[in-house]
Amino acid sequence: MDASAKITAPATRPQTAAGGSRHLVFMALLGFASGLPLALSGFTLRQWLSEEHVALGLVGLTANLGLAYLLKFLWAPLLDQVVPLPGFGRRRAWLLTAQPLVAAAILWLALGNPAGNMLPVFAAGALVALFSATQDIAIDAWRIETFPAARLGVATAAYVWGYRAAMLVSGSGAILLAGVLGWRGSLLTMAALMAGCMLVTWFAPEPVMAPLHHEHGFAARLREGVVEPLREFVSRRGAWVMLAYVALFKLGEALAGVMLPSFYRAMGFDRAAVAVAVGPLSLPASLAGIALGGWLVARIRLGPALIATGLLQMAIMGLYVLIAFHPAEGLLYATSVAETFVESLADAAYLTYLSLLCAPAFTATQYALLSSIAPLPLRTLGGLSGFLAAALGWKLFYSVAMLSSLPGMVLMLIILRWYPPPAKRAG
């Protein structure tokens, strides 16, 4: 038996045709496992901190906890070269390593006391993001290696549905549950759900994979996997303008979104109203926005679609300024639905643009690098949003957040004039 056979699924495990309905069920369940931790180091955590009257500056700094999601490409090669639990297969072994660590980090978060000592809370939140990002690497690899190319679209849809359902549970669900069990009880429930995801991994089939490769040194793998794709991209005409646009596109969203829990709390909205706004009302708006965004790109071409959706995003952020003047519950619901719809609409055009920028020879790596740059404002400048809100007050803060979308739009106008989006992928 060769080395690769030793890391495949146990012989007793039943196997079905790749991409079959059984695999799609597991894909949706693994999507649930992937989405569950995200809000717990983001919106839900900030809602908890806001209710504990934590200073705005510290609440804003929670945006930096998600840096692991940006940097996960740095340790992704480890998941291709090392099997931490022999006998479970390369992907399942890493999932069975990461998932209990995510659950343990959520448990530590549940035991924290934001009103007393924020350091353990920040440390637990950072570990939730770190181990969750590691889980995401393994789940992405499982999806790509399990499903043939013709079934990847269906598999991705199953993943997104599971992911969105989990965000509903750990977002509005956790917030509502805190009203019944308290924040500790709510987060302990989330930790138990995360631990239960290990059962999904245990019974999931291991994909058929290529054997481990050790003949290439780390320097060679780094050059082939990162340096060459990056060199190819930056050698293009207008590359730095494109990268600046990718980074600035979500600047307004980053500043505005991080402070929403504290903003809602300051406006007098109770926990139940916030849970309804960010949960059941926003989910269908998100799905509708994605669908319409795809149609819009095909109908009016990508460049104009990016400008149109950018203008809509800026206009929608003006609704938060309106809430600051008139904090009505109906306006809260309308703003949340409209903002989610427009954000999803814009993402459809934006992600299409990122995809078209990737050269066929380096699609995976260049898309990973571009998608890491995209949330950079959220994970860096977003951390300063609390200090900015405290200094400016809510009305002026959201006015600044709205206008911060302008630099990205100016760059897109420059791109449309001098470096128009390609009609097909670069290369």
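Within 20 Å of R417 (Cα to Cα), touching a residue at least 24 places away in the same chain (Cβ under 8 Å) and charged (D, E, K, R): which single residue out of R236, R301 fits that description?
None of the others qualify; the one that does is R236.
Kindly indicate whether R91 is touching a Leu at 6+ places or on another chain (Cβ under 9 Å) and modelled with pLDDT under 90.
The answer is yes for R91.
Conditions tested, residue by residue: (1) hydrophobic (A, V, I, L, M, F, W, C); (2) over 21 Å from L306 (Cα atoms).
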residue	(1), (2)
E329	no, yes
S344	no, no
L351	yes, no
T380	no, yes
G386	no, yes
A390	yes, yes
W394	yes, yes
S404	no, no
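V278 - would you say it is touching a Phe, Trp or Tyr at 6+ places or on another chain (Cβ under 9 Å), in the same structural domain as K395 (by TED's automatic domain parsing) and of a type in the set (A, V, I, L, M, F, W, C)?
So V278 passes the test.
Go through the range 122-138 and give me each residue that's within 12 Å of T62 (Cβ to Cβ), touching a residue at least 24 places away in the same chain (Cβ under 8 Å) and surrounded by 20 or more Cβ atoms within 10 Å (Cβ to Cβ).
Passing the criteria: F122, G125, V128, A129.
Please go through (1) touching a residue at least 12 places away in the same chain (Cβ under 8 Å); (2) assigned to a helix (DSSP H, G or I) for P280 and return the number of the only condition it doesn't satisfy.
The number of the failed condition is (2).
Give the range 248-275 a look and list any residue that's among the aliphatic types (A, V, I, L, M), part of a helix (DSSP H, G or I) and crowded, with 19+ Cβ neighbours inside 10 Å, or say none.
Hits for the range 248-275 are L248, L251, A254, L255, A256, V258, L260, V274, A275.
All but one of (1) outside the structural domain of S372 (by TED's automatic domain parsing); (2) at pLDDT below 90; (3) part of a helix (DSSP H, G or I) hold for L230; state the number of the condition that does not hold.
Condition (1) is where L230 drops out.
Look through L96, L107, L36, L70 and report the one residue that is in the same structural domain as T201 (by TED's automatic domain parsing), under 22 Å from the mean Cα position of the chain (by Cα), at pLDDT below 90 and surrounded by 17 or more Cβ atoms within 10 Å (Cβ to Cβ).
One residue alone meets the criteria, L70.
Can you name every residue in the range 85-103 that is part of a helix (DSSP H, G or I) and in contact (Cβ under 8 Å) with a residue 60 or more places away in the chain?
R90, R91, R92, A93, L95, L96, Q99, P100, V102, A103
Which residue pairs have Cβ atoms closer than 9 Å, lie 6 or more positions apart in sequence or on different chains, and pair a first residue in the range 396-421 that is closer than 19 Å to A315 by Cβ with a second residue that is among the acidic types (D, E)?
From the range 396-421, the pairs are A401/E253; S405/E253.
When only residues in the range 305-326 that are within 22 Å of W418 (Cα to Cα) and without any contact (Cβ under 8 Å) to a residue 60 or more places away in the chain count, which is surrounded by the fewest Cβ atoms within 10 Å (Cβ to Cβ)?
Among them, the one singled out is A308.
Can you find a residue in the range 104-117 that is under 19 Å from G185 (Cβ atoms), in a helix (DSSP H, G or I), touching a residue at least 60 places away in the same chain (Cβ under 8 Å) and touching a Ser or Thr at 6+ places or on another chain (Cβ under 6 Å)?
No, that holds for no residue.
The values are calculated or read from the model by the stated rules, or taken from the named source; none is laboratory data. Everything numeric here is computed off the predicted structure, so don't read it as measured data. Note that we place each Cβ from the backbone using ideal geometry, even for glycine, and neighbour counts take in every protein chain shown.
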